[in-house]
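Comments concern the structure below.
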Amino acid sequence: MLINRSVFLALVGCFLYTVMFNSVYAQQDEKNTVRFKAYYTKIMDSISYFNVTVFSRIDKENVDVANAELTFYNEVGDEEFELGTAKTNMNGECKFVLDNLNKIKPDSTNTYNINIKFKGNDAFKRASKSLSFKDATILAKLITKDSINYISGTLKDTSTDSVLSDRLLNVQVQRLFRNLRIGEEFNTTDEDGTIIVPVEEGIPGVDGILTFEVVLQDSEDYGTVRALVKAPIGTPIKDESTFDERTMWSPRNKTPLFLLIFPNLLILGIWGIIVYLIINLFKISKSKIQ
Amino acid sequence: MEVSKKLVNDLAPQKFGKKGVIWTTSLIIISIAGIIAYIDQVRKGQIVTNMNDYALWGIYISNFVFFVATSFVGAVTVAILRLTKNSWRTPIVRIAEIISVAAIIMAGITIMIDMGRPDRLLNLFIHARMQSPITWDVIIIPTSIAVCLLLLYFPLLPDFAILKNYFSETKPKLSKWYGKLSMNWTGSEKQKSIQLKSIHIVALLTIPVGFMLQTVDAWLFSTLFRVGWDSTNLGAYFISGAAVAGIGALVAVIYIVRRANHLEEYITEFHFDKLGKFLVLVCLIYLYFNINEYVIPEFTSKKEELTHLNHLYSGQFAPLFWFVNIGGLIIPIIVLLFKKGRKPLTMFFIALLVVVGSWWKRFLIVTPTLLLPFLPVQGVPESWHHYFPSFHEWIITLATLAMALLIITVLVRYLPVIPIQRTADEQELLKKEEKSNQ
């Protein structure tokens, strides 16, 4: 009897323990940890921006965190200056644009330190990510030698104004879906911090204008730096669009004229005769007396 | 010219007998069943049909093409016979005109049924593009209806006046209606002159309008760049096919009307013989076009064309294909080539075979092509690989056919199916010729 009672109490105890502590664990499980991926990109003579992707590992899968409000800070020594905020889209991505790099300050080693913070919400824990980079400059230009066009790019550390040798630079032409790489697979800067890549003839471009990019891609020290060069050295694209023309496949306000004139004349002609025949019926009705 | 009492007695519309009443009631019942099914289709949507993303044109469009074909031939045959002044035409032209009117009206209605919601008809006008063959169809069908009605109406004027007098004592109400429809016809020289001129013009107009109607119908398909449709020959192919369907229908209806109204004295074996020769001629022309349509792709052997042809020759559509070609063309040609084959009863059965074959031919034009798109049919329910009409589609289609027959029946009931005045004129001329010969 005593054993039975003990077993019963043990079972009740187990039940209560499970109910109480499960709810505690559940509350703890509700909030997930978020992770960041952040990249810095500088476009020469234009904007700089940070691309940030926020995701969380839930049930062994990476899940994009949408609508996460991120605050961007510039760390200088012990101080932090707020730069602004950005919200992630449905893919967990956001872009924070700096109109001018002068808006942020480097530390004593000429390194820019950016801190990206997420306050957390009902579903996700607070988190932050630091990003450090130095400022680099690419001077890109078009050179023509013996009727051959070349794109040259010189990479420099902006703060020290010293050229950077032995660095990989990509040269590419902007295209609609994906940029077209030109030159060797690996273009390494020489002791002058320069690369030179010949441009093949016959690359098509709107009005013959090609936009070349010289890119330092995902550098640990400098992030991504792009320099753009526009040059009228492409083969002009012949516009074959019939968008503004009167065609069989255009909307009705651009119907070919022959299709407006000829069938309508035909229809009017036929209906004119039909009306004439109906009038004849009335004439028959009126001319009953011989 | 005077019209003999016997002639009017013979040719004036007659009350239906028991068989006529049963026939009409049956048509009304089928029509009502179809209307109920159509209301259900409008309420639930075209989910009640077996059409799908591939077979998006089904039995309704096949039926529409059949009606257009039948209407075309009725009108054009009459026009050609009138313009060529073939004297044997007199007893058959009115029936052909009646068939034309009934078929073209039902063609217009059938296309609305295929649209699903009837209010979508408005979109055809609001969003009309002159580049679209569908817009041409929207224009040509009402035009054709108007021309067919005028082609029927003008020659009826003297007959309405005769019927007005004929029924003035026995059925004054009906007589009043005939009086109104006769447009005060007295047979004055001026009236005759205007009427004859108008008939000539409308007959002339009918031929281009009929050709446009049938060609637009063909271009609805041939402009779509699909295997089996993408042919420069399709307009002519449709016209020759329409001739087979239309004359077949004409022979069948003439036989029934002749028996029901006891018109053996007016529609003789001679007329059937002539129609039989006409039918065999159009069947031979259509056979020639069919050989062109099937043999040339077989020779060029494009992959898609071969797949399409294999579907027809030995695939899921083979029984229908061989029935349509052997039953609907080759057997009629063989039978009609012999004089005995052109006797009324034989002609009636042959005409029925031709009409049924012609109807299924339209199904074979529409469906196999749709089920064989250029890209493989993948990732869809197995049922989408086939198409056979649903119960709703069958009922609605049968109802449209019944409605066409109902229109013909009503017109046969109230109109003289053989032109009275014209027959009287011809008899008078014959008498004069006989006297002068003596």
For B:LYS173, the lysines lying under 27 Å Cα to Cα, once residues fewer than eight places off in the same chain are dropped, come out as A:LYS283, A:LYS286, A:LYS288, B:LYS5, B:LYS6, B:LYS15, B:LYS18, B:LYS19, B:LYS164, B:LYS192
Across A:ASN74, A:ASN100, A:ASN253, the residue with the highest GNM fluctuation in chain A (Cα network, 10 Å cutoff) is A:ASN253
Here, A:THR85 and A:ASN264, labelled 7 Å along Cα→Cβ, have an inter-label distance in nm of 5.9 nm
Expected max-MSF residue from A:ASP218, A:ASP239, A:ASP192 in the GNM of chain A (alpha carbon, under 10 Å) is A:ASP239
Under the helix-only model (-39500 (n - 2.57) for each DSSP H run of 4 or more, divided by the residues of the protein assembly as shown), the mean residue ellipticity at 222 nm, to 500 deg cm²/dmol, is -18000 deg cm²/dmol
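Would you work out the charge dipole size for the range B:49-371 about its Cα centre, treating the Cβ of every Lys and Arg as +1 and the Cβ of every Asp and Glu as -1, and quote it to the nearest 20 debye?
The dipole of the range B:49-371 has a size of about 1040 debye.
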Measuring from its Cα centre, the range A:34-133 shows a charge dipole (+1 at each Lys and Arg Cβ, -1 at each Asp and Glu Cβ) which, in debye to the nearest 20, is 280 debye
Averaged per residue, the 1.4 Å probe accessible area of the protein assembly as shown, protein heavy atoms only, in Å², is roughly 54 Å²
Excluding residues fewer than 8 positions from A:LYS129 in its own chain, the lysines with Cα under 30 Å of it are A:LYS31, A:LYS37, A:LYS42, A:LYS60, A:LYS87, A:LYS95, A:LYS103, A:LYS105, A:LYS117, A:LYS119, A:LYS156
Chain B, Gaussian network, Cα under 10 Å: of B:GLY248, B:GLY341, B:GLY276, the residue fluctuating most is B:GLY341
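How high is the FRET efficiency between A:GLU185 and A:LYS37 when r is their beta carbon distance and R₀ equals 30 Å, given to the nearest 0.05?
0.70
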Note, the range B:351-367: 3J(HN,Hα) by Karplus (6.51, -1.76, 1.60, θ = phi - 60°), whole Hz, Gly/Pro = x, goes 4, 4, 4, 5, 5, 4, x, 5, 5, 5, 4, 4, 4, 6, 6, 7, 6
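Looking at the protein assembly as shown, send over the antiparallel percent of its DSSP beta bridges, to the nearest 5.
Of those bridges, close to 95 percent are antiparallel.
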Stokes-Einstein, Kirkwood over Cα pairs, the range B:21-65, 25 °C, 0.890 mPa s; D in µm²/s equals 202 µm²/s
Mean separation of Cα contacts under 8 Å (at least 6 apart) over the residue count of the range B:241-357, i.e. the relative contact order in percent, is 44 percent
iface A-B | buried accessible area, total | probe 1.4 Å | Å², round 100 | 2600 Å²
Dividing the alpha-carbon radius of gyration of the range A:131-290 by 2.2 N^0.38 Å, where N counts its residues, gives 2.20
So the pair-distance distribution of chain A, from every Cα-Cα distance in 10 Å bins, comes to percents of 5, 17, 16, 15, 12, 9, 7, 7, 6, 4, 2, 0, 0, 0
With +1 on the Cβ of every Lys and Arg and -1 on the Cβ of every Asp and Glu, the dipole magnitude of the range B:146-239 about its Cα centre, in debye rounded to the nearest 20, is 500 debye
Once the dipole of the protein assembly as shown is set up from charges on Cβ (+1 Lys and Arg, -1 Asp and Glu), the residue from the list A:GLY269, A:LEU210, B:LEU204 lying farthest towards its positive end is B:LEU204
Along principal axes, largest first, the alpha-carbon spread of the protein assembly as shown in whole Å comes out as 136, 108, 55
Applied in sequence order to the range A:135-150, the curve 6.51 cos²θ - 1.76 cosθ + 1.60 (Karplus, θ = phi - 60°) yields integer Hz couplings, x standing for Gly and Pro, of 8, 10, 10, 10, 9, 10, 7, 9, 10, 10, 10, 6, 6, 10, 8, 10
Scoring chain A by relative contact order with C-alpha pairs under 8 Å, at least six apart, yields a percentage of 13 percent
antiparallel share of DSSP beta bridges within the range A:136-236, to nearest 5, in %, is 95 percent
If exposed means trypsin sites (Lys or Arg not before Pro) lying in a DSSP loop and surrounded by at most 14 other beta carbons within 10 Å, then the longest stretch of chain B lacking such sites spans residues B:86-301
Scalar couplings 3J(HN,Hα) for the range A:102-113 by Karplus 6.51 cos²θ - 1.76 cosθ + 1.60 (θ = phi - 60°), nearest whole Hz, x for Gly and Pro, are 5, 5, 10, 10, x, 8, 5, 9, 6, 9, 8, 10
Listed by chain and number, the residues whose amide H is under 5 Å from that of A:LEU98, excluding neighbours fewer than 5 places away on the same chain and using placed H, are A:SER48, A:TYR49, A:PHE50
Relative contact order in percent for chain B (Cα pairs under 8 Å, 6+ apart) equals 33 percent
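The values are calculated or read from the model by the stated rules, or taken from the named source; none is laboratory data. Fair warning: this is a prediction, and the values are worked out from it, not measured in the lab. For neighbour counting, all protein chains shown are included, and Cβ atoms are generated from backbone atoms with ideal geometry for every residue, glycine included. Just the protein is used for accessible areas: all its heavy atoms, side chains included, with ligands, DNA and RNA removed. Shrake-Rupley method; radii C 1.70, N 1.55, O 1.52, S 1.80 Å.
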